[in-house]
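Bear in mind that the values in this text are calculations on the coordinates, not laboratory data. This structure is a prediction, so every number in the text was calculated from the model and none was measured. All Cβ positions, even for glycine, are placed from backbone atoms using ideal geometry, and neighbour counts span all protein chains on display.
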Amino acid sequence: MIDRAGLAAFLRRRREALQPEDVGLPRGQRRRTSGLRREEVAALCHMSTDYYARLERERGPQPSEQMIASVAQGLHLSLDERDHLFRLAGQHPPARGAASEHISPGLLRILDRLADTPAEIVTELGETLRQSPLGVALTGDTTRHTGPARSIGYRWFTDPASRDLFPPEDHSLLSRRYVSGLRAIVALRGPGSRAAHLAGLLLPQSEEFRTLWETHEIGVRPDGLKRLVHPEIGALELHCQTLLDPEQSHLLLVYTAVPGSESHEKLQLLSVIGAPSATWSQHGEPAHLQTEEP
């Protein structure tokens with residue numbers, strides 16, 4: 001059963017405890033609210049202000065698991081706080097570990113401060129959970145994919161357009177890296193894992209994947225240098241730094257260019273021009289935000 005009073009009180013406390021700078025928002029000079037405003041939290045949770053306000057006022061229908069997960073992420077809750085929120089809403093908390101998509105508050109705080117740097121948070125299967133604004137401008141909105149296509153490795157072998165962002169001479173090595181990495185995750189997580197399911201889907205769909213899978217190659221790791229071909233600013237060479245959340249198996253990937261280099265100048269240009277929607281039309285429509293439930 002939903003605990004409406006407990007849910008409302010918990011949401012208010014967590015909202016009031018957060019400051020704008022904690023979630024990457026400007027404070028402003030005339031701010032009088034203690035903590036975040038309801039409309040700010042609603043935007044972070046990808047829902048209407050009215051829907052969020054009803055939760056704090058002990059009104060409205062019982063929120064779904066999807067909506068509660070969105071609120072937990074928007075409020076930057078820890079795993080224990082997330083689980084508590086689910087129970088207050090009368091829902092069972094999601095599983096923890098590699099299958100979880102709840103990003104830790106620490107990773108979110110770091111990402112929120114990287115507005116001028118290409119960065120993304122991904123799962124061990126290469127599913128993008130969150131991107132910085134410049135990350136979207138660099139690679140397009142990769143959070144919009146659904147189903148198996150959320151994994152960059154799956155798209156690599158099933159969608160030829162996914163390779164357009166990379167120089168053709170790098171394709172062979174990237175294919176080996178994706179297959180090698182997936183095989184290692186299958187061995188780590190077991191035959192009933194999401195990784196094993198992904199491999200099972202790819203085997204009949206891609207002859208290239210099938211051939212590489214049969215080599216049993218392990219340990220083909222990236223060297224930290226990422227070469228891209230952006231449709232508007234051309235070729236870039238970026239260095240990739242990785243921060244791991246071991247509890248959730250999430251990776252924060254941050255891409256930087258050598259100061260004074262041509263790639264550095266192109267990133268600065270990209271931060272100005274952004275990513276017009278037409279740039280990424282070949283990869284599909286941009287993601288749309290969640291709306292309030294009926």
Enumerate the amide H contacts of HIS46 below 5 Å, restricted to partners 5 or more residues apart or on another chain; note that Pro and chain-start residues carry no placed amide H.
none
Using +1 on the beta carbon of Lys and Arg, -1 on that of Asp and Glu, and nothing else charged, what's the dipole of the chain about the Cα centre, debye to 20?
900 debye
Using θ = phi - 60° and Karplus 6.51 cos²θ - 1.76 cosθ + 1.60, couplings along the stretch 262-271 (whole Hz; Gly, Pro as x):
4, 5, 5, 5, 5, 5, 5, 5, 5, 5
So who's got an amide H within less than 5 Å of the one on HIS250, skipping anything under 5 residues away but keeping other chains? H placed 1.01 Å off N, in plane.
ASP245
Length-normalised contact order of the stretch 70-168 in % [C-alpha pairs under 8 Å, at least 6 apart]
16 percent
Exactly which trypsin sites (Lys or Arg not before Pro) in the stretch 1-101 are in a DSSP loop and have at most 16 other Cβ atoms within 10 Å?
ARG27, ARG30, ARG31, ARG32, ARG37, ARG57, ARG59, ARG96
When VAL23, VAL71, VAL272 are ranked with the fewest other C-beta atoms within 10 Å first, the list becomes VAL272, VAL23, VAL71
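Based on other C-beta atoms within 10 Å, arrange ILE121, ILE2 from fewest to most. Don't skip to the end; give the middle numbers.
Details: ILE121 26, ILE2 15.
Starting with the residue having the fewest Cβ neighbours, the order is ILE2, ILE121.
Normalised by the number of residues in the chain, what is the relative contact order in percent for Cα pairs under 8 Å and 6+ residues apart?
On the way: 414 pairs, mean separation 52.8, N = 294.
Once divided by the residue count of the chain, the mean separation gives 18 percent.
Identify the GluC sites (Glu not before Pro) of the stretch 34-86 meeting these criteria: DSSP loop state and at most 16 other C-beta atoms within 10 Å of the C-beta.
Details: sites: GLU39, GLU40, GLU56, GLU58, GLU65, GLU81; in loops: GLU58.
Loop-located and lightly packed - GLU58.
Ranking SER132, SER162 by Cβ neighbours within 10 Å, fewest first, what do you get? Each step should come with its number before you reach the end.
Details: SER132 22, SER162 19.
Fewest to most other Cβ atoms nearby, the residues stand as SER162, SER132.
Please sort by residue number the GluC sites (Glu not before Pro) in the stretch 193-249 whose DSSP state is loop and whose Cβ has at most 14 other Cβ atoms within 10 Å. Intermediate results must be reported in sequence, preceding the final value.
Numbers: sites: GLU207, GLU208, GLU214, GLU217, GLU232, GLU237, GLU247; in loops: GLU214, GLU217, GLU232, GLU247.
Those that pass, being in a loop and sparsely packed, are GLU214, GLU217, GLU232, GLU247.
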Relative contact order of the stretch 4-88, pairs being alpha-carbon contacts under 8 Å that are 6 or more residues apart, as %:
35 percent
